[in-house]
Amino acid sequence: MSEFHHVSVLLDECIQGLNIKPDGIYVDGTLGGAGHSSHIAARLTTGRLIGIDRDPVALQAAGERLSPFEGRVTLVHSNFCEIASVLKDLGIAGVDGILLDLGVSSPQLDDGARGFSYMADAPLDMRMNSGDTLDAGTVVNTWSYEELKRILFEYGEERYAPRIAAAICARRETAPIGTTLELVDVIRSAMPAAALREKQHPAKRSFQAIRIAVNDELNSVAKVMEDAVPCLNPGGRLAVITFHSLEDRIVKNAMAAAARGCTCPPEFPVCVCGKKPQVRILTRKPIVSGQEELDRNPRARSAKLRICEKL
């Protein structure tokens with residue numbers, strides 16, 4: 001379990017953006033290997049850190065890493081989108097900061113046995129929480145052509161989605177697709193030669209799409225963005241790191257809506273909805289990694305950090 005080490009993306013920017021108070025209460029909703037959390041906990045004195053993760057492996061590894069701060073840390077096995085109910089169960093009315101790192105942890109990607117990687121042969125799994133019932137094998141072997149095409153196009157932004165979905169349906173008629181490399185083979189067979197020569201691995205977009213579907217990631221992001229702001233105390237901050245455009249669009253639009261307040265049509269002479277701005281946005285443009293970080297961790301290239309503050 002101690003091998004779960006994840007390189008924290010935009011670490012300094014997150015810590016600075018959260019504006020940590022020694023006596024504050026903070027939530028890391030995507031605990032992972034506790035890279036960000038260990039730095040948050042180190043800045044607390046009488047404060048408290050709530051660490052949430054849906055992956056039991058990550059949770060155990062994080063517990064080991066955070067053991068020096070045991071008295072100020074509470075770990076919870078849950079999905080980050082359940083943040084409101086987690087805090088309610090803990091009797092916490094409001095917090096001073098929430099951090100969400102929406103990327104898949106490097107150990108999850110690199111552990112071939114978990115089925116996230118298109119580089120290693122493993123059963124088609126891709127579950128972040130091994131207790132969930134839906135896995136990648138079920139998606140690949142039982143979902144309809146139309147549904148496969150939809151997720152490949154929407155979640156993976158895969159331009160060859162119809163061809164790949166058709167190839168998956170054709171292959172599984174003879175026998176179920178059982179492993180990651182079998183799926184890679186099917187994906188390759190559906191793509192034109194020019195696409196196979198591109199720098200990006202031909203299965204990357206499809207694997208992303210299936211992983212998002214298995215873990216219901218976009219609905220989770222939408223839900224947490226709706227629920228997180230009401231959990232903040234005045235002056236509390238929400239910092240969110242995204243890794244692809246679909247997540248970033250949800251986060252950007254949710255923060256903009258919370259900052260805007262009034263939802264009345266522009267032609268209305270006065271506001272009748274009564275909605276007031278809940279936050280102010282601190283990042284007009286998302287914060288991205290500098291060259292030094294990219295040299296250390298190429299996976300940080302697509303990371304974007306957005307921060308808002310509760311009014």
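The values are calculated or read from the model by the stated rules, or taken from the named source; none is laboratory data. What you are looking at is a predicted structure, and each value in this text was computed from that prediction instead of being measured. Cβ atoms come from the backbone with ideal geometry, glycine included; neighbour counts cover every protein chain shown. Protein only, heavy atoms only, side chains kept; ligands, DNA and RNA dropped before computing areas. Shrake-Rupley method; radii C 1.70, N 1.55, O 1.52, S 1.80 Å.
None of SER106, SER85, SER38 is closer than 25 Å to ARG211 by Cβ, among the small types (Gly, Ala, Ser) and either in contact with a Lys or Arg (Cβ under 8 Å, 6 or more places away or on another chain) or modelled with pLDDT under 90 (or both) except SER106.
Within region 238-254, the set of residues being over 10 Å from the mean Cα position of the chain (by Cα), open to solvent by 40 Å² or more (accessible area, probe 1.4 Å) and in contact (Cβ under 8 Å) with a residue 60 or more places away in the chain comprises just one member, SER245. Of all residues in region 159-210, those satisfying the criterion of being assigned to a loop (DSSP other than H, G, I, E, B) and basic (Lys, Arg) are ARG159, ARG197, LYS199. Residue pairs, Cβ under 9 Å, 6 or more apart or interchain, first in region 152-167 and within 12 Å of ARG188 (Cα to Cα), second crowded, with 18+ Cβ neighbours inside 10 Å and of a type in the set (Asp, Glu). List them. Note: pairs meeting the criteria are ILE164/GLU158. Kindly establish whether GLU3 is under 23 Å from ASP295 (Cα atoms) and modelled with pLDDT of 95 or more. Criteria not met by GLU3.
Scanning region 173-182 turns up no residue that is in contact with a helix residue (DSSP H, G or I) (Cβ under 6 Å, 6 or more places away or on another chain) and without any contact (Cβ under 8 Å) to a residue 24 or more places away in the chain. Only one of the numbered conditions (1) under 30 Å from LEU311 (Cβ atoms); (2) part of a loop (DSSP other than H, G, I, E, B) is violated by THR133, and that is (1). When PRO230 is tested against the conditions (1) loosely packed, with under 14 Cβ neighbours inside 10 Å; (2) closer than 30 Å to GLU157 by Cβ; (3) within 22 Å of the chain's Cα centre (by Cα), the lone failure is (2). Of the candidates LEU59, LEU75, the single residue that is in a strand (DSSP E or B) and open to solvent by 20 Å² or more (accessible area, probe 1.4 Å) is LEU75.
A single member of ALA84, ALA93 is open to solvent by 30 Å² or more (accessible area, probe 1.4 Å), in contact (Cβ under 8 Å) with a residue 60 or more places away in the chain, under 30 Å from PRO234 (Cβ atoms) and not in a strand (DSSP E or B), and it is ALA84. Being open to solvent by 70 Å² or more (accessible area, probe 1.4 Å), of a type in the set (Asp, Glu) and farther than 19 Å from PRO123 by Cβ is the requirement here; does GLU182 meet it? Taking the combined requirement at face value, the residue does not satisfy it.
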